[in-house]
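Here's the structure we're looking at; comments come further down.
The values are calculated or read from the model by the stated rules, or taken from the named source; none is laboratory data. Fair warning: this is a prediction, and the values are worked out from it, not measured in the lab. No Cβ is skipped: glycine too gets one built from the backbone with ideal geometry, and neighbour counts run over all protein chains shown. These area figures cover heavy atoms from the full protein model, side chains too; ligands, DNA and RNA do not enter into them. Shrake-Rupley method; radii C 1.70, N 1.55, O 1.52, S 1.80 Å.
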Amino acid sequence: MSFDLSETESSARAGARAIAATHAAPSVPIRDAEARWDAALFSAMGREGLLGAPLPEAHGGGGRGALTTALLHEGFGHGSEDMGLAIAWGAHTHRVSVPIAALGTEAQRARLLPALARGDIVGAIAHDASGIVARREGDAWVLEGACEGVVNGPIASLFLIAARTPQSPSGRTVFLVDRATPHLHVGAPARMIGMRTALFGALTLSGIRLGDDSVLGAPLAGDAALALGRRWQRACLSAHWLGAMESAFERAVSCAKTRVDLGRPLARSQAARTTLADMRVRCEIARRLAYRAARAIDAADIDADKHAAMAALHIAAGAPLAARGAASIHGPDGASSDHPAARAQRDAAMIEVAWESVDHLRSMLGGALLGIG
Amino acid sequence: MDLVLSDEERSYLERFDALCAQRIAPRARAADRAEALPRESLAELAEIGYFGLFHPPEVGGVGARGALLAATMERLAHACAGTMWAATISTALAGKVLWNLCREAHRQRWLAPIARGEIIGCFAATEHGAGSDPGSYRTTLRRTAKGFSLSGEKVRIACAPAAAVAVVVARSEGPSGGLAYAIVDLASHGISRASIESVGLRAMPWGRIRFDDVALDEGDVILEATMERTLKSVEWGQLIQTFAAVGVAQRALDESVAHAREREAFGRPIGHLEIVHGRLADMALDIASARLLGLRAAEIMAAHRSAGEHIMMAKIHAAEMGVRVTDAALRMFAGIGFSAESDIERLHRDALGNVPGGLPTDRLRDLVMCPALGVSPWEYPPFDWLSASGLSLG
């Protein structure tokens, strides 16, 4: 594996960074303070080719591979350090749009992908561990159950819902559900500690009725759609966090050069240098793991799921440490609510709620090593 | 996925794997107990061309790519970390220093036989009173009528007791008083050596070399030895520690996975316990991270470029990872691991050697960060800043 990026790949990353700096970065503090979703910003990301990057060109996407898409995320993360927007993009593109592109019928693809690529409609996924159940009644599917904390829930038009069927303990069915479906209710946005530029809400299904044309892929065969979305999201959001952590590291280095502590610049503190060195190494590891995962997806490597899970585990376990380290460098300034270092700590606190649980990832990877679970 | 190898490289690696598993690994426990380097292992490594992987055809090597160097180093360490250190310090640290610094005469006299695995070389920098701080070295080169004279002592030098040649970092006398390198035939008059017992990597010869007015020719001394040049020269040493750690840790993981599948408690294999399989996941992630950092550095270095902070980051993470992962393996094996009957405790003892070896990881963190911060890693003020700031315990 050559570690170097091609000219095109580096340009993609740089381009996304510029887009983030222009469109997202200036409003991050206010959107975070007000927990405000900016639909126009999301549409701008669609217009700039970010949301639809991995989707087929025939349906308005960029036809990009996983590595290039991950690099777009990295650049955007570096340019904005907006992890709420990251999680919103991740759910919309990787958990919803990518599975539709890969497994949808031509009708589903034609109907949904162009609008998803543009960001005209927002996608959300009722996450896998929810207790939603689907029963067959005649030629309809009836879904019942609830899911808390759905990323994009309050503003999504399209929900990808994974449901269990009572008669089949394993094998889920994935449905594509329009927000306007009767007996579907989305709760008000929850007040979260972090990732406040994204919205989270509870989804409740009180006997919604769906036709067979709502099924994504085949009944009871939804796991492929879920796994596909997971590995794309893990690889790409790991890269997104990498970009944000790199930006935070650079800011911390600048701060250490000038911030005076105990009569000298923090750069002269060996303790501060140790913290910074660990941040540096953590970023480099994040890079290697994220790129490996993305390349593995592009190569249809049998270990792609494992590599993606490893990249995500490194971030889930390490991003809070990185944020804590940056906070220690910035001192009082970094504790001010508007400072990126303060936001980074709050955003990192949301990782296990909004994205990946460290213990779940450990069990998945451990199980894979042992062939059990 | 991590290793992209040609058919020829893959075929070589398969043979190398077989050698490690069938011949070298079975000798590891006895070598550790007896603190003795298995000479048969060195001969077999010479025969399969391990030593020559690191060097160009001009000195009889094959100039292998970084991916193959990384893979062979890791597999050899997986089999026996002490043997890996011994063989690789000779060819890839002493050998590379000789290649970078030396003139043609030295290449043929010393490097070529090292690259064939016929003799062992060592790199002698550390002294009793100075390790990370070469500015404090006291071993000195003095000009004589016939050339130079070398006096002083180097301690805790890998391979020293078994080496035929040493590249010695010494202070050169006189007004400029900088560092110099001396290429020393260890059979010379005025040299005495002794072994030092170590906690781990016990198959590797380790010891002190004393120089009492050792006579050297003009051509055996390279006077232009800056700090930066010395740091660059030891990059290969750090790559050795990186892959020694990766190999030992992977061995620990392999043993732990097997144990988790076989060992039963409460009616089923312990792998079903969340703490057990969760720990395996952390071990695998830690190792993969180190291997990827190391591969990046190896690729750069095999292409004859300086790996700079890439190799330092790899060494920092990998060396400490090796200690963490082998410690995790001890927990996996509980009382069994604490017993000398299993190999697990040896893996942990071997892993310990990678942290201080060459440049310690504490020092490397400063070397990584100081340039970006615009401060010198060679100047440290006295600790006098607390009372000046009004901070005190009471």
Simple spin-label estimate for B:MET1 and B:ALA36 in nanometres, 7 Å along Cα-Cβ: 4.5
Chain A: angle of helix A:106-118 to the longest principal axis, Cα-based, in degrees nearest 10: 30
Charge-dipole axis of chain B as Lys and Arg at +1 and Asp and Glu at -1 on Cβ define it, positive-most pick from B:ALA329, B:THR139, B:GLY66: B:THR139
Segment B:SER376-B:ASP133, length gained on full extension (0.36 nm per residue, minus Cα span): 86.2 nm
Label point distance in nm, B:SER392-A:ARG135, each placed 7 Å from Cα along Cα→Cβ: 7.8
Residue with peak Gaussian network fluctuation, chain A [Cα springs, cutoff 10 Å], from A:ALA322, A:ALA180, A:ALA33: A:ALA180
Solvent-accessible surface (1.4 angstrom probe) belonging to B:THR72, in square angstrom, nearest 10: 0
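Can you give the average number of partner chain beta-carbon atoms within 10 Å of each beta-carbon in peptide A:273-284, as a whole number?
Working: counts 10, 4, 2, 5, 14, 5, 1, 8, 12, 3, 1, 9.
The shielding value for this peptide is 6.
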Segment A:240-373 - Rg (one decimal) and Dmax (whole number), Cα, Å: 17.0, 57
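For segment A:100-184, take N as its residue count and report Rg(C-alpha) divided by 2.2 N^0.38 Å. Please list the in-between numbers first.
Details: Rg = 13.3 Å, N = 85, 2.2 N^0.38 = 11.9 Å.
That works out to 1.11 for segment A:100-184.
Can you give the charge dipole size of chain A about its Cα centre, rounded to the nearest 20 debye, using +1 on the beta carbon of Lys and Arg and -1 on the beta carbon of Asp and Glu? If you can, show how the numbers build up before the last one.
Numbers: 38 positive and 37 negative charges, 155 e Å.
In total the dipole reaches around 740 debye.
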Isolated Cys in chain B, by beta carbon distance under 4.7 Å: B:CYS20, B:CYS80, B:CYS102, B:CYS370
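Output the relative contact order of segment A:1-145, whole-number percent, from Cα pairs under 8 angstrom with separation of 6+ residues. Mind showing how you got there, number by number?
On the way: 178 pairs, mean separation 38.8, N = 145.
Normalised by residue count, the contact order of segment A:1-145 is 27 percent.
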Residue of B:GLY152, B:GLY219, B:GLY267 that the Gaussian network model of chain B assigns the largest fluctuation, springs spanning Cα pairs under 10 Å: B:GLY267
GNM result for chain A, Cα springs below 10 Å: residue of A:ALA235, A:ALA16, A:ALA218 fluctuating most strongly: A:ALA218
Within segment B:230-272: backbone nitrogen closer than 18 Å to the B:ALA334 label point (7 Å, Cα to C-beta): B:256-272
Solvent accessible area, Å² - B:MET301, 1.4 Å probe, full protein context: 10
Dipole of the protein assembly as shown [Lys/Arg +1, Asp/Glu -1 at C-beta], most positive-end residue of B:VAL199, A:LEU266, A:ALA156: A:LEU266
Within chain B, longest stretch free of exposed trypsin sites (Lys or Arg not before Pro) [DSSP loop, at most 14 other beta carbons within 10 Å]: B:147-304
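Work out the length of the dipole vector of the protein assembly as shown about its Cα centre, built from +1 on the beta-carbon of each Lys and Arg and -1 on the beta-carbon of each Asp and Glu, and round it to the nearest 20 debye.
Numbers: 80 positive and 85 negative charges, 128 e Å.
So the magnitude is around 620 debye.
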Label-point separation in nm, A:ASP212 to B:GLU58, each point 7 Å along Cα→Cβ: 7.4
Cα long-axis angle, helix B:274-302 against chain B (0 to 90 degrees, to the nearest 10): 30
Gain upon complete extension [A:ALA110, A:ASP223; 0.36 nm per residue less C-alpha separation]: 38.4 nm
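To the nearest 20 debye, what charge dipole does segment A:103-161 have about its Cα centre, counting +1 at the Cβ of each Lys and Arg and -1 at the Cβ of each Asp and Glu? The partial results should precede the final answer.
Details: 5 positive and 7 negative charges, 38 e Å.
Dipole about the Cα centre, nearest 20: 180 debye.
Over segment A:1-68, with the other protein chains present, what is the accessible area per residue in square angstrom, probe 1.4 angstrom? Intermediate values should be presented prior to the final figure.
On the way: 3070 Å² over 68 residues.
I get 45 Å² per residue for this part.
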Across B:LYS154/B:LYS315; A:LYS257/B:LYS232; B:LYS146/B:LYS315, pairs whose alpha-carbon gap is larger than 31 Å: B:LYS146/B:LYS315
Probe 1.4 Å, all protein chains present, accessible-area order of A:ILE19, A:ILE155, A:ILE208, largest first: A:ILE155, A:ILE19, A:ILE208
Where GluC sites (Glu not before Pro) fall in DSSP loop in segment B:200-229, at most 14 other Cβ within 10 Å: none
